[in-house]
Amino acid sequence: MEARKALATGGSGAAAAVETVAGIAFVARRADGVPARELKGMVDQLKQDMTDGVVVVAAADEGKVSLVIGVTEALSKRLSAVDLVRVGAEALGGKGGGGRPDMAQAGGADPALIEAAFAAVRNHLASVPVA
């Protein structure tokens, strides 16, 4: 489990590839085979080195897709993970999703749509004023 988690979060101590979208740090990771219950811990781990950022982790496991989005504490006062996960879930062909302003989860049924979900969240970030 720890080896799988380390691989999905960028390896032992390796920094995740961070993009900047509308001035916000953005990390999107695919972690196929990782059970949904482990994704929140991965998101928390990836958020640790960010000040203002969004982390999206998706995993296809046993024919289902789980999507977890984390927003750093400071940014969650202006941008909700729940809103972002709903955008991602829609791109996955799912509906709804929920959680807290700093961490939310949703699901879908088509692993082929994971990259589309990442793009939908990225595009939403780019279009929403968060300042």
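Computed from the coordinates by the stated procedures, all read-outs in this text should not be read as laboratory data. On a predicted model such as this, the values are computed, not experimentally measured, just so you know. Virtual Cβ from ideal backbone geometry, glycine too; neighbours counted across all protein chains shown.
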May I ask for the Rg/Rh ratio of region 87-131, computed from Cα atoms with Rh as the Kirkwood radius, given to two decimals?
-> 0.99
Run the quick spin-label model on residue 44 and residue 77: label points 7 Å from Cα toward the beta carbon, then report their separation in nm to one decimal.
-> 2.2 nm
Area projected by the alpha carbon convex hull of region 2-127, averaged over all directions, nm² | 6.6 nm²
Could you work out the relative contact order of the chain, using alpha carbon pairs under 8 angstrom and six or more residues apart, expressed as a whole percent?
-> 20 percent
What does the helix-only formula give at 222 nm for the chain: each DSSP H stretch with n ≥ 4 adding -39500 (n - 2.57), the total divided by the residues, and the result rounded to the nearest 500 deg cm²/dmol?
-> -10500 deg cm²/dmol
Difference of contour (0.36 nm per residue) and Cα-Cα distance, residue 18 to residue 51 = 10.7 nm
Would you calculate the separation in nanometres between label points at residue 116 and residue 95, each defined as 7 Å from the Cα along the Cα-to-beta-carbon direction?
-> 1.7 nm
Just name one of 48, 128, 35: the one whose Cα is farthest towards the positive end of the charge dipole of the chain (beta-carbon charges, Lys/Arg +1, Asp/Glu -1).
-> 128
